[in-house]
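Working notes, beginning with the structure itself.
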Amino acid sequence: MIDDSTIVITPTARLARAERLRLAMARKGAGQTAWVTPAVLDFSSWIRQIQDHWLLAGDDSRVPVTAPQTLVLWQEVIDREVFIGEPRVADMAASSWRRIHEYQLEPPEQWTGLILSEDSRRFRDWAGRFQALCADKGLVDEWTLATELPDLIRQGRVDLPPGIALAGFDLPMTPLQQAIVQAVQDAGIPVETSGVEPAGNGRPESSNQPGTGLEEIIEFPDAEAELQAAAGWARSRLEKNPDQTIAIVVPDLGQRLASAERIFQQVFDPPGFALTPARHEPWHVSLGPTLDRWDLVANALALLRLDPARISQPEAFSLLRSPFLAGATEEVDARAGTLARLITRKPYWISAGQIAWQAGKAGAERLEKALTAWQKVRRDHRDRALPSDWVARLQEELRALGFGHGRSLDSREYQVLDRWHGLLEEFSARDLVTEKPVSRSQAIGALGQRAGSTAFRERNPGAPVEILGVEEALGSTFDAAWIATLDHQTWPGPARRDPLIPGPVQARVPTATSDGCLERSRAELAGLLQSAREIRGSFARGGDEARLEPTRLLDTARIVESETNPGIESVGLEEIDDDTKAPAHPGGSLRGGTGLLQAQSNCPFQAFAEYRLDADDLTPRRPGLDARDRGSLIHKALEMFWEDLDGSTALKGLNKAALESRIESAAEDALEYHTGRNPLVFSPAGRELEKTCLVRSLGRWLELEKQREAFTVNGREVPITLTFGDLSLGGKIDRIDELDGGGSILIDYKTGASGKNGWAPDARPADVQLPAYAVNMDPPPAAITFARLRPDALGFDGLSEVDIGTPGVEDIDKISGRSRFREVESWQDLLTSWRHSLDQLSGDFLSGQAEVDPRDGQVCRYCHLHSLCRIHERQALPEAGDE
């Protein structure tokens with residue numbers, strides 16, 4: 001056991017945590033009840049500790065800058081070039097600068113022109129400006145200072161511990177690390193590299209002695225099957241002995257993170273993996289997604305990006321469904337109701353004031369007050385400010401919304417919250433390297449960028465199964481380990497050169513040359529094969545187009561075909577009585593108009609869900625006008641046009657200028673009415689474009705109206721009461737015209753797909769609206785027609801009792817051939833058929849009929865729930881005008 005005064009250094013932070021736990025368990029196993037916490041640091045943390053002690057001693061007047069601050073400096077020098085605003089270039093430059101110092105490569109100022117590419121020449125210039133900028137500001141970055149440490153250590157100007165022990169260094173140290181360790185030894189400090197046990201899981205009862213090799217490699221058809229087998233193997237071992245540690249090593253874990261988590265959750269918790277994420281899994285993944293992918297941080301960033309004057313439907317959804325806002329639990333139903341109202345009654349863009357008003361109306365008073373307070377705070381945060389001021393402002397905004405005071409956080413979320421606060425502190429520290437105040441968008445953009453580039457994973461709470469990358473697994477010991485992806489493309493991997501460093505300069509970097517990659521892969525495999533008593537290896541051969549072979553670095557291992565994957569065991573499902581008949585409805589006056597009968601015709605379950613259970617389609621709207629809005633706009637414009645205009649004679653009496661003026665006025669009035677209800681639906685340019693399209697459509701349509709025989713407009717938007725048995729519904733007829741020859745015609749404006757074939761006699765008509773109006777008028781109309789205002793299908797499409805001189809409206813007595821109306825003998829017979837079908841639909845609705853066709857396996861094309869409605873698939877109706 002090492003001395004208490006000795007500092008243990010590990011290559012990674014994970015190994016440092018594991019070593020601290022191992023040392024503590026060893027003390028406990030020796031019978032001790034209290035001891036000094038051992039000093040265990042990863043190499044980077046130890047270097048920063050030495051740097052901090054040196055700078056705090058006052059012997060250096062330079063101010064150290066952290067990695068995030070360094071990125072700002074690189075961005076400043078690079079922004080003078082063509083890469084303005086591209087943060088990835090600054091990341092590349094900072095990475096190259098680190099690599100130069102880590103491997104003690106030739107500094108950029110010494111690079112000769114003959115070996116330089118255009119990229120490396122640019123980087124040489126950036127590096128010169130970066131150094132000059134740091135010197136001018138009196139700053140020093142962590143890697144420049146790190147290269148100075150060996151000399152400072154040898155000179156005795158840095159405080160060092162009495163002893164150092166290195167643990168878990170299976171791979172060779174970088175030249176900079178070697179130089180620092182050598183300087184420590186030159187200063188007379190003992191550095192212990194033997195007698196230090198590999199960092200394990202800290203369980204003394206575990207007999208995790210390293211193994212000696214790999215006897216076989218299992219071949220799988222694909223990577224999915226490989227991970228499923230590894231997860232199943234880990235689960236079966238745990239079921240036999242829960243007190244063991246198991247490692248699943250996945251070299252490309254960063255690219256397979258989502259699938260690895262999904263597969264392990266599926267294998268370890270088959271009944272519930274798709275329902276809710278488990279909180280106490282027996283497995284843990286060492287790598288994590290970026291910070292902005294965690295719900296708490298994603299929600300905070302989404303709230304900070306909100307503009308009170310212009311909030312989209314998806315943004316409103318995120319706001320109203322946030323579990324992290326105060327009152328989220330108590331007002332969950334009221335906020336859900338608010339969201340439903342916004343989706344069904346508001347356009348894509350809405351304001352915070354509208355959301356607050358709807359929230360108050362729904363009973364979400366805490367949210368209403370929070371939004372009101374938040375709007376006042378936001379109004380004071382419009383000017384530019386330094387990063388630290390922005391942090392204070394953003395925190396004030398989140399407090400105003402009640403962020404962090406919603407439901408209770410679990411351990412994982414507390415760790416995420418702590419890392420979020422750390423990110424805010426990092427951003428606040430940018431004051432040191434920020435030349436001038438920044439705007440709100442710049443501040444939030446930079447904060448979001450850092451969250452999007454910062455990986456985070458909660459600490460392992462003690463899970464026995466760990467899914468690790470290669471670097472995380474090296475230096476540890478386990479009871480058993482499974483090494484995946486042992487194919488020839490991964491071991492060894494391809495050489496990856498730094499594009500900003502000349503090739504000859506980076507020859508010392510292991511990953512920059514094929515020989516270096518080969519040696520590194522051998523060292524990694526040697527370390528992994530010593531990590532557990534039982535080792536399993538596998539690879540996925542992939543498809544025939546890119547078939548993979550096992551790595552040749554393990555040519556002594558035999559290749560065995562994988563056994564058939566038994567898959568995930570099925571879960572028993574609850575059986576319920578398939579009751580297809582709801583309780584009877586007493587009837588009376590109901591909402592929905594002909595939409596209720598249309599739903600009953602399409603799918604009885606749809607009618608039951610929408611008109612008896614009050615279920616709504618809560619699909620968020622899209623930007624701009626949807627089909628319903630555009631139809632409403634056309635309706636309103638035509639209503640305005642025919643105001644004070646009595647019919648065809650007055651229409652034909654308008655000269656060209658008067659007609660154009662009336663059309664433009666009607667279009668403007670319709671747009672004004674629409675924007676009065678939804679102020680944010682149009683941008684100024686969008687409004688003008690919509691007006692142009694509307695004027696064009698009205699002009700083309702009215703030319704068709706002129707071709708009709710004489711008519712008088714008797715009514716626009718005429719209300720009507722519809723009675724079908726005990727059911728009473730309301731409706732509104734777009735237009736009723738009186739014909740010169742006698743009788744009336746009902747006109748329904750349509751901007752979507754429609755056709756008279758939907759009125760064909762059927763127990764369940766495809767389109768019930770105009771037939772329902774016709775059978776409830778006294779006297780019945782002489783004709784009904786769609787007025788189709790579609791650019792690709794402009795015209796009338798209807799039926800009449802006699803020829804009424806309107807193109808597209810057919811006389812029922814003259815229809816023949818393959819028409820769906822060929823068996824109708826007269827107009828009165830058609831009205832009688834409609835009345836019978838609609839009365840039957842009404843009766844089915846009131847009686848609770850929720851099933852049409854009991855045949856299994858059929859899927860309703862309207863609700864897609866065959867187990868609930870099981871309606872038969874309709875045959876596609878012919879297009880309007882087809883025989």
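The values are calculated or read from the model by the stated rules, or taken from the named source; none is laboratory data. Quick caveat, the model's predicted, so the values are computed rather than measured. Cβ atoms come from the backbone with ideal geometry, glycine included; neighbour counts cover every protein chain shown. The protein model used for the area step is the full one, side chains on, heavy atoms only, and it has no ligands, DNA or RNA in it. Shrake-Rupley method; radii C 1.70, N 1.55, O 1.52, S 1.80 Å.
Some observations on this one:
- Thr344-Glu534 pseudo-label distance in nm [points 7 Å out on the Cα-to-Cβ vector]: 5.8
- For the chain, the dipole from Cβ point charges (+1 on Lys and Arg, -1 on Asp and Glu) about the Cα centre works out to 1940 debye, to the nearest 20.
- Cα-centre dipole for segment 89-193 with unit charges at Cβ (Lys and Arg positive, Asp and Glu negative), debye to 20: 200
- The shape of segment 101-199 comes out prolate: with a ≥ b ≥ c from the C-alpha gyration tensor, a/c is at least 1.5 and a/b beats b/c.
- Near Leu371, once Lys and Arg are set to +1 and Asp and Glu to -1 for all other residues with Cβ below 12 Å from its Cβ, the sum equals +2.
- Take segment 3-58 with all the other protein chains still there, run a 1.4 Å probe, and you get 49 Å² of accessible area per residue.
- Using R0 = 51 Å, the C-beta based FRET efficiency linking Glu216 and Ser439 works out to 0.25.
- Shape class of segment 455-568 from the Cα gyration tensor (axes a ≥ b ≥ c, square roots of the eigenvalues): oblate, since a/c reaches 1.5 or more and a/b does not exceed b/c.
- Between segment 584-629 and segment 486-562, the Cα center-to-center distance that results, in Å: 60
- Applying a length cut-off of 27 Å (Cα extent along the axis) and a mean Kyte-Doolittle floor of -0.5 to the DSSP H helices of the chain leaves 684-705, 827-847.
- Whole-angstrom gap from segment 40-66 to segment 362-395, using each part's C-alpha centre: 38
- Within-14-Å neighbourhood charge of Trp54 [Cβ basis; K, R +1; D, E -1]: -3
- Trypsin sites (Lys or Arg not before Pro) within segment 671-719, DSSP loop, no more than 13 other Cβ atoms inside 10 Å: Lys706
- Distance from segment 424-457 to segment 714-790 (C-alpha centre basis), Å: 61
- Over 24 Å [Cα-Cα, segment 3-120], rounded percent: 52
- Mean sequence separation of contacting Cα pairs (under 8 Å, at least six apart), scaled by the length of the chain, corresponds to a relative contact order of 13 percent.
- Once Rg and the Kirkwood radius are both taken over the C-alpha atoms of segment 234-375, their ratio Rg/Rh works out to 1.14.
- Listed residues Ile745, His585, Cys134: farthest to the positive end of the dipole of the chain (Cβ charges): Cys134
- Each peptide in 437-443, 220-226 was scored by the mean count of other Cβ atoms within 10 Å over its residues; highest first, the order is 220-226, 437-443.
- Segment 56-135 shape via C-alpha gyration tensor axes, a/c threshold 1.5: oblate
- Calculated percent of Cα pairs over 50 Å apart (choose from (i) 43; (ii) 18; (iii) 56), label: (i)
- Computed on segment 592-692, with alpha-carbon pairs under 8 angstrom and 6+ residues apart, the relative contact order is 24 percent.
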